[in-house]
1. Residue check, K96 against (1) at pLDDT 95 or above; (2) exposed (fewer than 15 other Cβ atoms within 10 Å of the Cβ), all met but one. Which one?
2. Does region 60-72 contain at least one residue that is open to solvent by 50 Å² or more (accessible area, probe 1.4 Å) and within 21 Å of D246 (Cβ to Cβ)?
3. Condition (residue is closer than 26 Å to F133 by Cβ and surrounded by fewer than 16 Cβ atoms within 10 Å (Cβ to Cβ)) applied to region 35-47: is it met by at least one residue?
4. Return only the number of the condition from (1) in contact with a His (Cβ under 8 Å, 6 or more places away or on another chain); (2) within 18 Å of R107 (Cα to Cα); (3) among the β-branched types (V, I, T) that I199 does not satisfy.
5. Test D155 against the stated conditions and say whether it is over 19 Å from M228 (Cβ atoms), of a type in the set (D, E, K, R) and in contact with a Gly (Cβ under 9 Å, 6 or more places away or on another chain).
6. Check G234 against each of (1) assigned to a strand (DSSP E or B); (2) surrounded by fewer than 13 Cβ atoms within 10 Å (Cβ to Cβ); (3) small (G, A, S) and name the one condition it does not meet.
7. In region 208-231, what residues are open to solvent by less than 70 Å² (accessible area, probe 1.4 Å) and free of Cβ contacts under 8 Å to residues at least 40 places away in the same chain?
8. Going by what's in this entry, would H195 be described as within 19 Å of the chain's Cα centre (by Cα) and not in a helix (DSSP H, G or I)?
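The values are calculated or read from the model by the stated rules, or taken from the named source; none is laboratory data. Since the structure is predicted, the reported quantities are computational estimates derived from the model, not experimental observations. Because the Cβ atoms are built from the backbone with ideal geometry, glycine has one as well, and the counts that use them run over all protein chains shown. The accessibility values were calculated without ligands, DNA or RNA, using every heavy atom of the protein model including side chains. Shrake-Rupley method; radii C 1.70, N 1.55, O 1.52, S 1.80 Å.
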Amino acid sequence: MIERPLHTARLVQQEWLSQSSETKHLVFAIEDLDKFDFDAGQFISMVAPKEHKSITRAYSIASAPRKNEFDLCLNRVEEGFFSNLLCDMKEGEAVKFHGPHGNFVLRDPLRDSILIATGTGIAPIRGFVQWLFADDSHHKGKQFHLVYGTRYAADIYYKDYFELVAHDFPNFHYVVTLSRPSGDWQGERGYVQEHVRKIVEARPEAERTNMDAYICGLNDMVSATRKMLKEELGWDRRQIVFERYD
């Protein structure tokens, strides 16, 4: 077994994204690195001791590369050892990790794309968007649609950030859809795949398969969206990059 080098990450900032679902945004600084290189969309593996064993848990990085820092987006899970450890951390406390890992990264060459996420699956997508729109040479004027689905309005994570990008860049389009909206909700309703279908079908017929999809979320959503793209819209499986987290 290959021994992976462990790094020390110290919590420097935290905030609630949603108190009702106990979801937090955490910012870590790496003590033993001046620069942390990774591709937007990759994950790290946190490591901590529990009852004389070493417990490891993977978390997608919720930011683009930024000096020696990285962000996480996660929610407390009942009986979840690592989610409780991280949600209970105080600023100044540290945790070990190794990485980066993973192939959930943007394709080269870049094409028009649909970014699809539910819940905390928005984490690596936020990293994509930060990287893409940090420099015009990154997004190259391609069209990007972000379709984000959640149950309730209280759980729309990073809404202000994505709305700002959509305001500043005409080639970034942001759609939020709720599956259990309240009566006063003015936005889109239903599941993400319904809105993905609309985006694809709104394109000229010759352009409908000339794009890629990046999907992150719970297995049911990932499977349903992949099936719809392949079976209903005629996409090739190689056009669909995905990461499941349940």
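1. Every condition holds for K96 apart from (2).
2. No - not one qualifying residue is present in region 60-72.
3. Checked region 35-47: at least one residue is closer than 26 Å to F133 by Cβ and surrounded by fewer than 16 Cβ atoms within 10 Å (Cβ to Cβ).
4. Looking at each condition in turn, I199 falls short on (2).
5. On the way: over 19 Å from M228 (Cβ atoms): yes; of a type in the set (D, E, K, R): yes; in contact with a Gly (Cβ under 9 Å, 6 or more places away or on another chain): yes.
Here the answer is yes, as D155 does meet what is asked.
6. (1)
7. Across region 208-231, the qualifying residues are T209, N219, V222, S223, A224, R226, M228, L229.
8. Working: within 19 Å of the chain's Cα centre (by Cα): yes; not in a helix (DSSP H, G or I): no.
Spelling it out, it is not the case that H195 is within 19 Å of the chain's Cα centre (by Cα) and not in a helix (DSSP H, G or I).
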